[in-house]
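Values quoted throughout were computed directly from the atomic coordinates according to the rules given, and no laboratory measurement underlies them. In this text, all values refer to a predicted model and were calculated from it rather than measured experimentally. Positions of Cβ are backbone-derived with ideal geometry, glycine not excepted, and every protein chain shown enters the neighbour counts.
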Ligand code: NCD
Ligand code: ZN
């Protein structure tokens, strides 16, 4: 059967291995959009102030569970924001207690709310050594922040200047290079035999930098790491459909209200939670790789994290174009939903 003949696909319920849920009114509004299709998600800790300690992660997890509609099931997997003052004992205790699944490394200043991130990697060495010892993974925002480095080169430079040396120093640390956007990152992960995986977002499989900049500037396509040229997008699609167990879905769905996106200095972040699975089905179908969607969205992630795949399933059904709302309203203003630029024919049902 060719992919064009497949009109129904049942897969294990997917997980999102990189998600921003925010807090307060925004959390309330966006959480159901993820919980509708996803079983679990790795929750980013870049709140203001960031989620640094085990106690803060517990409190945030409680707020997430309190915001979850009663008829939905969803498990947030919490992360701790790594700072130069992070206490290795607190991290280890939060991991042992099942409160924190991973630690998140933001190079200081790399992206939205990353001012408390790491500048001097030697200062966090005791935490990283401890994590390697207890088998706790590190999620990495892989971009350097030096102003003299071109924004389109920041991921490739990070691999050479930070990630390679770091992996030499702490080879037993399990690292997830998050939201990879370049052929360089795909090659690096593929050529690294162990302890390295990568997440790929929905939008980086669909847009390149022309979508942001050609024919007028499109703030709703602006995120970090910024989308690169077409050849890199193609490399990401190849990695996602390859079945290689080191590549898995992390949407980086990052909601900001329209007033914060549509201004002279607009926020980075694309909100893909509502329509991600329909978008991915289109991408995989176009690449004649629908049977590989389950590995990418539902199997490879849990495997890397040492968890079982979800028991439940979802069914994707092909038909007339599915209508998703163009925005999700919040008490702070509307949040525009990612527009892939093509019709979505795959509807999603939870079984
Ligand atoms: C994220 C956000 O808004 O929190 N923005 C983004 O463009 N992806 C931060 C991040 O993950 O880089
Ligand atoms: Zn993110």
- Query: Calculated from DSSP H runs of 4 or more alone, at -39500 (n - 2.57) each and per residue, what is the 222 nm mean residue ellipticity of the chain, nearest 500?
  - Reply: -8000 deg cm²/dmol
- Please report, to two decimal places, log10 I(q)/I(0) for the chain at q = 0.11, 0.14, 0.15 Å⁻¹ as given by the Debye formula with identical point scatterers on the Cα atoms and no solvent. -0.68, -1.17, -1.38
- Task: Compute the long axis of helix 276-286 from its Cα atoms, compare it with the longest principal axis of the Cα atoms of the chain, and write down the angle in degrees, 0 to 90, nearest 10.
- Result: 70 degrees
- Item | In Å, descending, principal axis extents of the Cα set of the range 219-351 | 42, 31, 29
- So what's the range 137-206 giving for Rg/Rh, alpha carbon basis, Kirkwood Rh from the mean inverse pair distance? 0.95
- Task: Along Cα→Cβ, 7 Å out, is where each label goes; now give me the distance between the ones at residue 10 and residue 307 in nm to one decimal.
- Result: 2.3 nm
- Query: Dividing the convex hull volume of the alpha carbon atoms of the range 143-281 by its residue count, what do you get in Å³ per residue?
  - Reply: 120 Å³
- Query: Taking the range 15-140 as the region of interest, what is the percent of Cα-Cα pairs per 5 angstrom bin, listed from the shortest bin to the one with the maximum distance?
  - Reply: 2, 12, 23, 23, 19, 12, 6, 3, 0, 0
- Query: To the nearest Å, what is the center-to-center distance of the range 277-351 and the range 86-155, using C-alpha atoms only?
  - Reply: 28 Å
- Item | residue 229-residue 342 pseudo-label distance in nm [points 7 Å out on the Cα-to-Cβ vector] | 2.3 nm
- Kirkwood hydrodynamic radius over Cα pairs of the range 1-76, then Stokes diffusion coefficient at 10 °C and 1.306 mPa s, in µm²/s: 115 µm²/s
- Message: What's the ranking of 140-149, 256-265, 70-79 by average number of surrounding C-beta atoms within 10 Å, highest first?
- Response: 140-149, 70-79, 256-265
- Item | residue 217 paired with residue 160, simple spin-label distance in nm, labels 7 Å along Cα-to-beta-carbon | 2.9 nm
- Item | Difference of contour (0.36 nm per residue) and Cα-Cα distance, residue 326 to residue 190 | 45.3 nm
- Query: Mind checking the angle between helix 24-35 and the chain's longest principal axis? C-alpha axes, 0 to 90 degrees, to the nearest 10.
  - Reply: 60 degrees
- In degrees, nearest ten, helix 230-241 long axis to first principal axis of the chain (Cα): 90 degrees
